[in-house]
1. Roughly how many Å² of A:ASP396 are accessible to a 1.4 Å probe, to the nearest 10?
2. Among the listed pairs A:LYS39/B:LYS263; A:LYS33/B:LYS191; B:LYS148/B:LYS217; A:LYS327/B:LYS182; B:LYS39/B:LYS170, which have their C-alpha atoms separated by more than 30 angstrom in this model?
3. Whole number please: convex hull volume per residue, Cα atoms of region A:118-221, in Å³.
4. Can you send over the solvent-accessible area of A:LYS42, 1.4 Å probe, protein chains only, in Å² to the nearest 10?
5. Count charges around B:TYR195 for me, please; just the other residues with Cβ under 13 Å from its Cβ, Lys/Arg as +1, Asp/Glu as -1.
6. Can you give me the pair-distance distribution of region A:97-450, C-alpha pairs, 10 Å bins, whole percents?
7. Cα centroid distance between region A:153-214 and region B:191-246, in Å?
8. Taking 0.36 nm per residue of separation and subtracting the Cα-Cα distance, what length does fully extending A:ASP391 through A:LYS456 add?
Amino acid sequence: MKYIVLIAFVVSFVVAQENVEQQMKEMLKRIEKLEQDNKELKTQVRHQEIKDDIEDEVDDLLGDIENVESTPTRQPGDPLFSFQIGQGTSLQLVDLSFIGLLSVGSSTADEDELLFLQGGAHDPRRRGFTLQQFEIHGEAAIDPYVRAFFTYVMLIDEEGETVLELEEAYFVTQMLPYGLQFKAGQFFTEFGKLTPHPHDWAFVDQPVIYSRFFGGDGLRNPGASLSWNAPLPWYSEVIVSAQNAFGETATSFLFEEGEQVVDGHDLVERDVESLKDLIYMLSWKNVFMPSEILTLELGYSFLIGPNGTGDDTTTIIHGLQFYAKWKPRDNKGRYVTWHTEFLLRNYEADADPNNANDNEVLNDWGFFTQVIVGLNRFWNVAGRYEYAVGDKGEADRTEFRDERHRLSASATYYPSEFFSIRLQYNLDKAQFLGDSFEHSVWLQFGFLVGTHGAHKY
Amino acid sequence: MFKYIILLLVCSSFLCGQVSIITSTPNQAFLVKEIGKDKVKVESLLKPREDMHFLDVNPVFMNKLYFADIFVETGLGAEPWVLPLLQGAKNRKILRQNIGNVNAARGIAPLGIPSSISRDLGDVHPQGNPHYLLDPVNSKIVAGNIYKTLIRIAPQHTNFFKQNLISYNKKLRSSLIKWLKKVKPHKGKIKFVSYHELWPYFSRRFGLVQIGTIEPKPGIQPSSRHIQNLIAQMKAQNCRLIIVAKIYPLNQVRYIAEKTGAKIIHASIEVEKKDGYLAMIDELINGIIPGE
């Protein structure tokens, strides 16, 4: 009996012991779970705190997002060149830029011949160094309705003399309705596509046919013009202008007494007596984008004005231009342009008793065609072919009217937006030089200081 | 024939009743569409992979501006091509200071205004860095500028534009909360270099530290000596990230990455996809801080 009681006691003790262990395990599990819950709760609280912080930060940054009428407090200045003269106020002055072109080179043609081969007043025309031009360009708003533009050009000519020219000084309206714009002052006649500014060319010299028809400095004189953008799905602009016909920048027209434009016909003094003694121009330019990366331009220009060989003689110049540009819409600087212009001049020359020549109409024509390939943002290469010729009249043709071929190749490097280095080779064949070919090499440096200009298209 | 074409153009514009808007950049065009929806017809002059500083003065763009009711420009002197395009367009409504012109930078506090202005410093922007839309907070200001012009040009749709603007602002708020939460633990710890000085607004907002640029100065191409100095600087500062906008070349970037073991983020800075501006910033942040 004693043993039975002892066994029962031991058994009950063991069972009780197991229950306690079981309970202990359960207690431990519950504690672990509680700790886990506590940890998660703490994380949630911390995240909520961060979230609240960030939401507060965002609300501070954005302000009341439903109050869309609030006005920004700060007004940045106009993008024109300006001086800060106080908190949030800037003084708008003139956009100024200074552009220099310096070249150095040589030619197998001697220096007298070079003056004829390089007909542009800003072309390199001597062996050695040439400061082709130093241009000061400015533009500014006159008032909300009109803007002003001016360009002074300084150069050192082939005689070593410093020349200062007021190249352009004009105003342009900007508030006329119906796509109209009026311009008046001294300006380049907007004939053809080629810009008259040498720093925008892909070559160091101007096309032969431009030198022949418009002189070394281009056709520019005081006058007025009206342009109109037609409301069409493509860009279509018509320009009409009237300008003075006399002076050294109107070579195909009245020009200057004592000069000769065509052979054997001296220019005489001719007064401005009526409206027909001005130069009139009509041009029509059409530009299309058949695809996102291709632009095509077709244009026609027409000029009529008096010439100085007689009292009632007229010059007419026609121009046809074609331009195509392929340019992917990225930032790699790759592009190809093809630009061609044909020009034809009918020069009505009066009889000249001094040279024993009868009246006659002398026709000159010529063209240039050029391709520019942009390789990347820093390099482009270009090629150009030109041809020009004039009718043979009663007198022999001079250097600016006889047959002329020129082939040019250039490579240009742009270390930055404001500096360029160009190497150019010209192969010339001109009737006045006989059968020989002339070779010229020019190295040109271009630099720009001041306002960053826009890229020409 | 001529009369019919003009009549057709005028009628189509009126019949559609849409406001015709031209913007400088795709980001601005996206914001215009967010506010204007089907009441506007919008086109950006620049494409996403073009540099905002360089657009050809193409007469075709003048023609687009000729027909525009509103023109949105970046401002801060970033776009030298705008003025000649506006002059050639002969549309007085969108001239600067006129009713249809939006200077998107109005109200933005510009960063990076140089203490002195000289081309010695490269192609600096006298009025400050114009890449302010890389801080999404600034998109609220730009959207507000667009809205204010839209309601003046088309006041009959004021409520519609207002609701769309509020809706955009709400989306911006929730995105901003998500992004700031994500970058918070990394603030001040992520060092990077970029190709061009594009990122001051972005790095200020998201706490990134820029230690240099691959261009030695804005607009100046890097020399090999500069690249070697940059590599040494990145190694010394344990910089393992290069952020390059898709408008810049990758050849020198790859070389630097190879030498430093840095990760390259080739980032869109203008909207390229249909999912838009906020998705573009989202992709950028996920690229910098992946997998969280």
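The values are calculated or read from the model by the stated rules, or taken from the named source; none is laboratory data. As the structure is a computational prediction, the values presented were derived from the model and not from experiment. Neighbour counts are summed over all protein chains in view; Cβ atoms, including those assigned to glycine, are modelled from backbone coordinates with ideal geometry. Just so you know, the surface numbers come from the protein's heavy atoms only, side chains and all, with ligands and any DNA or RNA stripped out. Shrake-Rupley method; radii C 1.70, N 1.55, O 1.52, S 1.80 Å.
1. Here the accessible area works out near 110 Å².
2. Numbers: A:LYS39/B:LYS263 36 Å; A:LYS33/B:LYS191 41 Å; B:LYS148/B:LYS217 37 Å; A:LYS327/B:LYS182 41 Å; B:LYS39/B:LYS170 21 Å.
Going by Cα-Cα distance, A:LYS39/B:LYS263; A:LYS33/B:LYS191; B:LYS148/B:LYS217; A:LYS327/B:LYS182 fall outside the 30 Å limit.
3. Working: hull volume 11.5 nm³, N = 104.
Dividing the Cα hull volume of region A:118-221 by its residues yields 111 Å³.
4. 130
5. Numbers: positive: A:ARG377, B:LYS217, B:LYS246, B:ARG254; negative: B:ASP51, B:GLU197, B:GLU215.
Summing Lys and Arg as +1 and Asp and Glu as -1 gives +1.
6. Percent of pairs per bin, in order: 5, 22, 33, 28, 10, 2, 0.
7. Cα centres, region A:153-214 to region B:191-246: 43 Å.
8. Values: separation 65, 0.36 × 65 = 23.40 nm, distance 3.58 nm.
Gain on stretching A:ASP391 to A:LYS456: 19.8 nm.
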